[in-house]
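Working notes, structure below.
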Amino acid sequence: MLSDKFKIIIAGRPQKDDFSYYENIIQELKIDDRVIKVIRFITDEERDFLFKNCHALILPYRKIFQSGVLLLSMSYGLPVIASDLAANREVIINNKNGILFEDGNYVDLADQIERLFSDNLIEKIKTNTFSTVQDRYSWSKISDEYQKILVG
């Protein structure tokens, strides 16, 4: 559904599924030339390289309780488009520090990807993702909150 200007990097090791399921979809849709596959364990150095060399991170989780990848990518100032699950809504303020799409709705996901790059939201969101992590999730902020709990 996305225009040909987009390339997709799929990185990481599948936890539950065999990647052949997704490989079949890629072949069926004839988009192999637009998909870069790094299907294995990603080292910290590779993760840094991938985060620094992509324009946005897409998290189409169908079920999640918390995402370290979400906060980590935001610490790089990387715009995130994520499904509107409760865990993502706790971190992402839609259209401010990220974009939410309706869980399971691939049409909405494609629309939000196109919108991020066509409405000039990307620069605003980049700035706000990093400040969100600094203001709410930095180690100093977390330690301050623990201190309040422990000291009272």
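Throughout, read-outs are computed from the coordinates displayed, never taken from laboratory work. Computed from a predicted model, the values in this text were never measured in an experiment. Heads up, the Cβs are rebuilt from the backbone with ideal geometry, glycines too, and the neighbour counts pull from every protein chain shown.
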Estimated FRET transfer efficiency (H55, K141; beta-carbon r; R0 25 Å; 0.05): 0.35
Rounded to two decimals, the Debye log10 I(q)/I(0) of the stretch 1-60 (Cα scatterers, no solvent) at q = 0.13, 0.18, 0.22 Å⁻¹ is -0.38, -0.73, -1.06
Amide proton proximity set for G77, modelled H, under 5 Å, gap of 5+: F130
Cross-link candidates for K52: which lysines have Cα within less than 22 Å, leaving aside residues fewer than 8 places away along the same chain? K5, K7, K37, K96, K124, K126
Exposed-site-free run, longest, the chain (rule: trypsin sites (Lys or Arg not before Pro); DSSP loop; at most 16 other C-beta within 10 Å): 97-152
What is the gain in length, in nm to one decimal, between S118 and D103 on full extension, counting 0.36 nm per residue of separation less the C-alpha to C-alpha distance? 3.2 nm
For the stretch 8-151, go through all pairs of different Cα atoms, get the mean of 1/r, take its inverse, and jot down that Kirkwood value in Å. 16.5
5 Å is the cut-off here: which amide hydrogens, built 1.01 Å from N in the peptide plane, fall below it relative to I99, excluding neighbours closer than 5 in sequence? V80, I81, A82
